[in-house]
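Working notes, structure below.
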Amino acid sequence: MLFKINQVDTNMVYLNEVLKHFIENSVSLSKYQKTALFPVEFIPVHDNEKNALDKKFKAVFEQVKKLDQTQKKQLKRMYVNQQRTKRLCQDNTPIVDFSAYPESLKEKLKSLGEYLYTSGLKNAEIKQLAIDKYGDNNSTLYEHWLEFKKINGVVCCFCGIEDYEEQLPNTSKTKWRPAYDHYLPKEKYPLAAVNFNNLIPCCYQCNSKAKGAFDPCYCEKSGRKKAKYPFDNSTLLGLKFKFAKEKITGDGPWVVSLKDETDESHQSWDRVYKIKERVASRLNSNYISWLRRHRSDVDKAPDIAGKKAALRNKAAELITEVRQQREYIHQANLLVTLSNESDGIVESILQTIQPEPDPLTKQDGHRLLKEHGFSFT
């Protein structure tokens, strides 16, 4: 991704183990035998009429019964395949899809996966079983999300533009469900719906507006693709900015491209999250205000060489805070890019950046506070 992120351990992997147990054993049974299909401690939860676990699992089992032996064997392989998020991203293993199966099985598995994610992960009885087995370790999505932000920062690793979705404070009795991206979309990979190698917090724009059900590992127009596995920190994705003077009267003078336009992982990132368009829009709308924030430091330099050095120094400051401050990674990119432009372009751009307007007087500030209903002495 744009910066390194690390996985967070959680006892919620227990639910994925229940799903694995069910898939592995369902292919060899002709009757719905709970003692064979589920871990023994899970059966009372399964039987609780307050949830739909019995209904969802039985619906899948009825479809599995209809499969021939080859299809059943392939279904077990599909479960394993959909757990290998990293290998699928690296194109080291083929995608085992639903092409050899009836649509009814796919729909029932999608329904089960969706239910396990939306309801199973917040089921209090399942939570207790997970604690009993693995200890109280990030036992809810909310706790997992808080720990993820604690170690990885608050800025979305996919875009660097937005913070992770706003949540209510810890003291609130109401808890909003954090936004998680099923990196391999659960519509296509339902057996990975509660696989925490495939669940990554992200911002609302990345998750709901840009990505949706797009598959980073497969393009409908051109087929199988490599993609960046989010937790692989060996390399990072990136962007390049270029100042195009001829575009200054159009949509904006800054052109955004991928750090490596020929790299499939970069291409998949852009295809899925619309990165170039989104960052170009923010850059061309805000580059003047971004530069204005740092103008005072740059203006202290006696010559153009000093101004370029000041731009690079400010970028070095910003890059240390990219996980905590939205758009800092793109601001740092802008400053470094500008520092590498010709002396004439740098001087020209800096001259067009007007200083911040004079602040209002204290009396004006007091008047505005009163207009907004604030009282003070």
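Every residue, every condition in (1) farther than 29 Å from Tyr164 by Cα; (2) in contact (Cβ under 8 Å) with a residue 40 or more places away in the chain; (3) not assigned by TED's automatic domain parsing to the domain that holds Pro185, yes or no:
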{"position": "Phe243", "(1), (2), (3)": "yes, yes, yes"}
{"position": "Gly252", "(1), (2), (3)": "no, no, yes"}
{"position": "Arg271", "(1), (2), (3)": "no, yes, yes"}
{"position": "Ile275", "(1), (2), (3)": "no, yes, yes"}
{"position": "Ser281", "(1), (2), (3)": "no, no, yes"}
{"position": "Ala315", "(1), (2), (3)": "no, no, yes"}
{"position": "Gln324", "(1), (2), (3)": "no, yes, yes"}
{"position": "Ile329", "(1), (2), (3)": "no, yes, yes"}
{"position": "Ala332", "(1), (2), (3)": "no, no, yes"}
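How do the pairs read when you match residues in the range 6-21 that are surrounded by fewer than 16 Cβ atoms within 10 Å (Cβ to Cβ) with residues anywhere that are among the β-branched types (Val, Ile, Thr), using Cβ under 7 Å and keeping only pairs 6 or more apart or on different chains?
Correct list of pairs: Asn6/Ile151.
Could you identify the single residue in Ser265, Ser296 that is closer than 30 Å to Lys225 by Cβ, of a type in the set (Ser, Thr, Tyr) and not assigned by TED's automatic domain parsing to the domain that holds Cys219?
From the options Ser265, Ser296, the qualifying one is Ser265.
Pick from Ile200, Ile151: which is at pLDDT 95 or above, in contact with a Cys (Cβ under 9 Å, 6 or more places away or on another chain) and either assigned by TED's automatic domain parsing to the domain that holds Val96 or within 21 Å of Phe98 (Cα to Cα) (or both)?
Ile200
Return the only residue of Glu321, Glu356, Glu317 being out of contact with any Cys (no Cβ under 7 Å at 6 or more places or on another chain), of a type in the set (Asp, Glu), part of a loop (DSSP other than H, G, I, E, B) and modelled with pLDDT of 95 or more. Walk me through it before giving the result.
Values: Glu356 fails: modelled with pLDDT of 95 or more; Glu317 fails: part of a loop (DSSP other than H, G, I, E, B).
After ruling out the rest, the residue left standing is Glu321.
If I filter the range 224-256 down to residues being surrounded by 19 or more Cβ atoms within 10 Å (Cβ to Cβ) and of a type in the set (A, V, I, L, M), which single residue comes out as nearest to Asn198 (Cα to Cα)?
Ala227
Return yes or no: is Ser99 part of a loop (DSSP other than H, G, I, E, B), in contact with a helix residue (DSSP H, G or I) (Cβ under 9 Å, 6 or more places away or on another chain) and either surrounded by fewer than 15 Cβ atoms within 10 Å (Cβ to Cβ) or assigned by TED's automatic domain parsing to the domain that holds Ile329 (or both)?
Here the answer is no, as Ser99 does not meet what is asked.
Per-residue answers, yes or no, for (1) more than 19 Å from Trp254 (Cβ to Cβ); (2) aliphatic (A, V, I, L, M):
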| position | (1), (2) |
| --- | --- |
| Lys276 | no, no |
| Ile288 | no, yes |
| Lys308 | no, no |
| Gln324 | yes, no |
| Ile329 | no, yes |
| Leu334 | no, yes |
| Leu338 | no, yes |
| Val346 | no, yes |
| Gln363 | yes, no |
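Being closer than 29 Å to Ser285 by Cβ, touching an Asp or Glu at 6+ places or on another chain (Cβ under 6 Å) and outside any helix (DSSP H, G or I), is that true of even one residue in the range 162-169? Spell out how you get there, then give the answer.
Going through the range 162-169, the residues closer than 29 Å to Ser285 by Cβ turn out to be 162-167.
Add one more test, that the residue is touching an Asp or Glu at 6+ places or on another chain (Cβ under 6 Å), and what stays is none.
No, the conditions are met nowhere in the range 162-169.
Do we have any residue at all in the range 32-40 that's under 22 Å from Thr140 (Cα atoms), in contact with a Ser or Thr (Cβ under 9 Å, 6 or more places away or on another chain) and either modelled with pLDDT of 95 or more or buried (at least 20 other Cβ atoms within 10 Å of the Cβ) (or both)?
no
The values are calculated or read from the model by the stated rules, or taken from the named source; none is laboratory data. All values derive from a computational prediction rather than experimental measurement. We place every Cβ from the backbone using ideal geometry, glycine too, and count neighbours over all the protein chains shown.
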